[in-house]
Amino acid sequence: MQTGKFKTITALSEGFYKEKGSKFLAFAIPCKTEEEIKEYIQRLRKEYHQAVHVCSAFRLGSDKKHYRASDDGEPSNSAGAPILGQIQSFDLTNILVAVVRYYGGINLGVGGLINAYRTASKEALENAGIVEQEDEVLVSIRYSYDEMPQVMGVLKNSPVQIVLQDFQLTCKLEIRIPVSELGILDRISELNLLLPEEKHIIIENHGIIQ
(Lines give C-alpha, C1' and ligand atoms only; values in the text may rest on other atoms or scores of the structure.)
Protein backbone atom coordinates (compact mmCIF):
# COMPACT_ATOMS: atom_id res chain seq x y z
CA MET A 1 0.00 0.00 0.00
CA GLN A 2 1.37 3.38 -0.97
CA THR A 3 2.27 5.72 1.87
CA GLY A 4 -0.01 8.76 1.96
CA LYS A 5 1.98 11.50 3.65
CA PHE A 6 0.62 15.02 3.84
CA LYS A 7 0.93 18.33 5.69
CA THR A 8 -1.76 19.67 7.99
CA ILE A 9 -2.10 21.85 11.08
CA THR A 10 -2.12 20.78 14.71
CA ALA A 11 -4.63 23.23 16.22
CA LEU A 12 -6.79 26.25 15.52
CA SER A 13 -4.92 29.40 14.53
CA GLU A 14 -6.11 32.90 13.66
CA GLY A 15 -5.39 35.78 11.33
CA PHE A 16 -6.74 39.32 11.01
CA TYR A 17 -7.00 42.00 8.35
CA LYS A 18 -8.70 45.38 8.36
CA GLU A 19 -9.41 47.77 5.50
CA LYS A 20 -11.74 50.80 5.28
CA GLY A 21 -13.57 49.76 8.41
CA SER A 22 -14.19 46.17 7.31
CA LYS A 23 -12.69 43.53 9.59
CA PHE A 24 -11.71 40.07 8.41
CA LEU A 25 -11.19 37.42 11.11
CA ALA A 26 -9.60 34.25 9.74
CA PHE A 27 -9.67 30.85 11.45
CA ALA A 28 -7.59 27.88 10.31
CA ILE A 29 -9.01 24.67 11.79
CA PRO A 30 -7.84 21.05 11.47
CA CYS A 31 -10.72 18.88 10.15
CA LYS A 32 -11.10 15.38 8.73
CA THR A 33 -14.74 15.28 7.59
CA GLU A 34 -17.33 17.54 5.99
CA GLU A 35 -19.52 17.01 9.05
CA GLU A 36 -16.83 18.61 11.23
CA ILE A 37 -16.53 21.46 8.76
CA LYS A 38 -20.27 22.18 8.79
CA GLU A 39 -20.27 22.19 12.59
CA TYR A 40 -17.38 24.66 12.77
CA ILE A 41 -18.98 27.03 10.26
CA GLN A 42 -22.30 26.91 12.12
CA ARG A 43 -20.44 27.65 15.34
CA LEU A 44 -18.74 30.67 13.79
CA ARG A 45 -22.06 31.97 12.41
CA LYS A 46 -23.57 31.70 15.88
CA GLU A 47 -20.62 33.24 17.70
CA TYR A 48 -20.19 36.09 15.19
CA HIS A 49 -23.86 36.55 14.42
CA GLN A 50 -23.44 40.25 13.56
CA ALA A 51 -20.96 39.48 10.78
CA VAL A 52 -22.22 39.83 7.20
CA HIS A 53 -20.27 36.90 5.71
CA VAL A 54 -18.54 33.69 6.79
CA CYS A 55 -16.54 32.70 3.70
CA SER A 56 -14.54 29.51 3.66
CA ALA A 57 -12.57 26.83 1.87
CA PHE A 58 -11.49 23.34 2.83
CA ARG A 59 -9.38 20.48 1.54
CA LEU A 60 -9.51 16.87 2.76
CA GLY A 61 -7.59 13.64 2.23
CA SER A 62 -3.96 12.80 1.63
CA ASP A 63 -4.57 12.94 -2.14
CA LYS A 64 -5.89 16.54 -1.72
CA LYS A 65 -8.61 15.92 -4.31
CA HIS A 66 -11.59 16.74 -2.08
CA TYR A 67 -11.94 20.50 -1.72
CA ARG A 68 -14.53 23.24 -1.90
CA ALA A 69 -14.74 27.03 -1.59
CA SER A 70 -17.65 29.27 -0.56
CA ASP A 71 -18.08 33.00 -1.24
CA ASP A 72 -21.11 33.13 1.10
CA GLY A 73 -22.74 36.00 -0.77
CA GLU A 74 -19.59 37.91 -1.70
CA PRO A 75 -18.98 38.51 -5.44
CA SER A 76 -18.08 35.30 -7.28
CA ASN A 77 -14.52 34.07 -6.62
CA SER A 78 -13.68 37.10 -4.45
CA ALA A 79 -13.53 35.18 -1.16
CA GLY A 80 -13.59 31.37 -1.35
CA ALA A 81 -11.06 31.16 -4.18
CA PRO A 82 -8.35 33.28 -2.50
CA ILE A 83 -8.87 31.37 0.76
CA LEU A 84 -8.46 28.04 -1.07
CA GLY A 85 -5.45 29.48 -2.88
CA GLN A 86 -3.68 29.96 0.45
CA ILE A 87 -4.45 26.39 1.52
CA GLN A 88 -2.91 25.22 -1.76
CA SER A 89 0.04 27.60 -1.42
CA PHE A 90 0.90 26.12 1.98
CA ASP A 91 0.29 22.61 0.54
CA LEU A 92 -2.11 21.68 3.35
CA THR A 93 -4.99 19.25 3.67
CA ASN A 94 -7.46 18.08 6.33
CA ILE A 95 -8.08 21.74 7.00
CA LEU A 96 -10.82 24.36 6.99
CA VAL A 97 -10.08 28.06 6.68
CA ALA A 98 -13.05 30.31 7.44
CA VAL A 99 -13.01 34.12 7.31
CA VAL A 100 -15.62 36.13 9.19
CA ARG A 101 -16.26 39.60 7.73
CA TYR A 102 -17.67 42.62 9.50
CA TYR A 103 -18.71 45.26 6.99
CA GLY A 104 -17.24 48.72 7.55
CA GLY A 105 -19.64 50.69 5.37
CA ILE A 106 -17.32 51.15 2.37
CA ASN A 107 -17.26 48.75 -0.59
CA LEU A 108 -13.81 47.32 -1.25
CA GLY A 109 -14.42 46.13 -4.81
CA VAL A 110 -13.55 42.65 -6.07
CA GLY A 111 -9.81 43.34 -6.03
CA GLY A 112 -9.96 44.65 -2.48
CA LEU A 113 -11.96 41.65 -1.32
CA ILE A 114 -9.56 39.19 -2.91
CA ASN A 115 -6.64 40.86 -1.16
CA ALA A 116 -8.46 40.99 2.18
CA TYR A 117 -9.53 37.34 2.23
CA ARG A 118 -6.13 36.20 0.95
CA THR A 119 -4.19 38.28 3.50
CA ALA A 120 -6.31 37.22 6.49
CA SER A 121 -6.08 33.54 5.47
CA LYS A 122 -2.34 33.76 4.94
CA GLU A 123 -1.80 35.19 8.42
CA ALA A 124 -3.87 32.41 10.00
CA LEU A 125 -1.78 29.78 8.22
CA GLU A 126 1.49 31.53 9.06
CA ASN A 127 0.45 31.38 12.72
CA ALA A 128 -0.43 27.68 12.51
CA GLY A 129 1.64 24.75 13.68
CA ILE A 130 2.22 22.75 10.50
CA VAL A 131 3.16 19.07 10.73
CA GLU A 132 3.62 16.15 8.35
CA GLN A 133 1.27 13.25 8.95
CA GLU A 134 0.54 9.93 7.30
CA ASP A 135 -2.56 7.93 6.42
CA GLU A 136 -3.45 5.32 9.03
CA VAL A 137 -5.19 1.96 8.67
CA LEU A 138 -7.69 0.54 11.16
CA VAL A 139 -7.00 -3.09 12.01
CA SER A 140 -8.80 -5.61 14.24
CA ILE A 141 -6.84 -8.44 15.86
CA ARG A 142 -8.51 -11.41 17.59
CA TYR A 143 -6.63 -13.98 19.64
CA SER A 144 -6.84 -16.07 22.79
CA TYR A 145 -5.44 -15.15 26.18
CA ASP A 146 -2.55 -17.54 25.61
CA GLU A 147 -1.34 -15.47 22.66
CA MET A 148 -1.54 -12.12 24.46
CA PRO A 149 2.16 -11.96 25.48
CA GLN A 150 3.32 -12.64 21.91
CA VAL A 151 0.90 -10.17 20.29
CA MET A 152 1.62 -7.41 22.79
CA GLY A 153 5.33 -8.13 22.43
CA VAL A 154 5.12 -7.27 18.71
CA LEU A 155 3.07 -4.14 19.35
CA LYS A 156 5.25 -2.91 22.20
CA ASN A 157 7.38 0.10 21.21
CA SER A 158 5.75 0.17 17.75
CA PRO A 159 4.10 3.33 16.32
CA VAL A 160 0.54 1.99 16.67
CA GLN A 161 -2.36 3.47 18.60
CA ILE A 162 -4.71 1.11 20.44
CA VAL A 163 -8.25 2.46 20.08
CA LEU A 164 -10.20 -0.47 21.56
CA GLN A 165 -9.42 -3.37 23.90
CA ASP A 166 -11.96 -6.11 24.61
CA PHE A 167 -10.81 -8.93 26.87
CA GLN A 168 -13.86 -11.11 27.44
CA LEU A 169 -14.25 -14.66 26.10
CA THR A 170 -11.48 -13.94 23.63
CA CYS A 171 -9.20 -10.95 23.17
CA LYS A 172 -9.83 -8.24 20.59
CA LEU A 173 -7.77 -5.19 19.76
CA GLU A 174 -8.50 -2.38 17.33
CA ILE A 175 -5.40 -0.43 16.40
CA ARG A 176 -4.43 2.44 14.11
CA ILE A 177 -1.26 1.74 12.11
CA PRO A 178 0.61 4.21 9.88
CA VAL A 179 0.61 2.89 6.31
CA SER A 180 4.40 2.76 6.25
CA GLU A 181 4.37 0.43 9.30
CA LEU A 182 2.02 -2.28 7.98
CA GLY A 183 4.88 -4.78 8.17
CA ILE A 184 3.84 -5.14 11.82
CA LEU A 185 0.85 -7.20 10.61
CA ASP A 186 3.21 -9.66 8.90
CA ARG A 187 5.06 -10.13 12.18
CA ILE A 188 1.80 -10.83 13.98
CA SER A 189 0.69 -13.27 11.25
CA GLU A 190 3.98 -15.14 11.62
CA LEU A 191 3.02 -15.93 15.21
CA ASN A 192 0.45 -18.37 13.81
CA LEU A 193 3.31 -20.59 12.66
CA LEU A 194 4.19 -21.16 16.31
CA LEU A 195 0.66 -22.03 17.42
CA PRO A 196 -1.17 -25.38 17.49
CA GLU A 197 -3.34 -25.99 14.42
CA GLU A 198 -6.58 -25.38 16.32
CA LYS A 199 -5.45 -21.93 17.43
CA HIS A 200 -4.82 -18.92 15.26
CA ILE A 201 -4.69 -15.16 15.36
CA ILE A 202 -7.24 -13.41 13.13
CA ILE A 203 -6.29 -10.09 11.53
CA GLU A 204 -8.85 -7.91 9.74
CA ASN A 205 -7.71 -4.83 7.84
CA HIS A 206 -10.53 -2.24 7.63
CA GLY A 207 -8.61 0.07 5.31
CA ILE A 208 -7.50 3.67 5.54
CA ILE A 209 -9.19 5.76 8.22
CA GLN A 210 -11.12 8.61 6.66
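Points worth noting:
- Verdict on residue 25 being surrounded by fewer than 20 Cβ atoms within 10 Å (Cβ to Cβ) and hydrophobic (A, V, I, L, M, F, W, C): no
- Yes/no for residue 69 being assigned to a strand (DSSP E or B), aliphatic (A, V, I, L, M) and open to solvent by 40 Å² or more (accessible area, probe 1.4 Å): yes
- Scoring residue 83 on the criteria (1) β-branched (Val, Ile, Thr); (2) touching a residue at least 60 places away in the same chain (Cβ under 8 Å); (3) open to solvent by less than 10 Å² (accessible area, probe 1.4 Å); (4) over 16 Å from residue 18 (Cβ atoms) leaves a single failure, condition (2).
- Which listed residue, of 97, 110, is within 21 Å of the chain's Cα centre (by Cα) and not hydroxyl-bearing (Ser, Thr, Tyr): 97
So that you can scan it fast, the table gives a plain yes or no per residue for (1) crowded, with 16+ Cβ neighbours inside 10 Å; (2) outside any helix (DSSP H, G or I); (3) more than 10 Å from the chain's Cα centre (by Cα):
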position	(1), (2), (3)
16	no, yes, yes
29	yes, yes, no
41	yes, no, yes
63	no, yes, yes
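- Count of segment 44-61 residues which are in a helix (DSSP H, G or I) and either open to solvent by less than 20 Å² (accessible area, probe 1.4 Å) or under 30 Å from residue 137 (Cβ atoms) (or both): 1
- Checked against the criterion of being part of a strand (DSSP E or B) and either touching a Pro at 6+ places or on another chain (Cβ under 9 Å) or among the β-branched types (Val, Ile, Thr) (or both), segment 115-131 has at least one qualifying residue.
- When the test is whether a residue is closer than 30 Å to residue 193 by Cβ and in contact (Cβ under 8 Å) with a residue 12 or more places away in the chain, residue 96 does not pass it.
- Residue count, segment 99-114 (criterion: assigned to a loop (DSSP other than H, G, I, E, B) and either without any contact (Cβ under 8 Å) to a residue 60 or more places away in the chain or among the hydroxyl-bearing types (Ser, Thr, Tyr) (or both)): 2
- For residue 89: the one exception among (1) open to solvent by 50 Å² or more (accessible area, probe 1.4 Å); (2) small (Gly, Ala, Ser); (3) touching a Leu at 6+ places or on another chain (Cβ under 9 Å); (4) more than 24 Å from residue 62 (Cα to Cα): (4)
- Condition met for residue 9 (open to solvent by 20 Å² or more (accessible area, probe 1.4 Å) and hydrophobic (A, V, I, L, M, F, W, C)): no
- Hits in segment 153-210 - residues which are out of contact with any strand residue (DSSP E or B) (no Cβ under 8 Å at 6 or more places or on another chain) and assigned to a strand (DSSP E or B): 167
The values are calculated or read from the model by the stated rules, or taken from the named source; none is laboratory data. These numbers come from a predicted model, not from an experiment. As a convention, Cβ positions derive from the backbone with ideal geometry for all residues, glycine included, and neighbour counts pool all protein chains shown. Quick note on the areas: whole protein, heavy atoms, side chains included, nothing else; ligands and nucleic acids left out. Shrake-Rupley method; radii C 1.70, N 1.55, O 1.52, S 1.80 Å.
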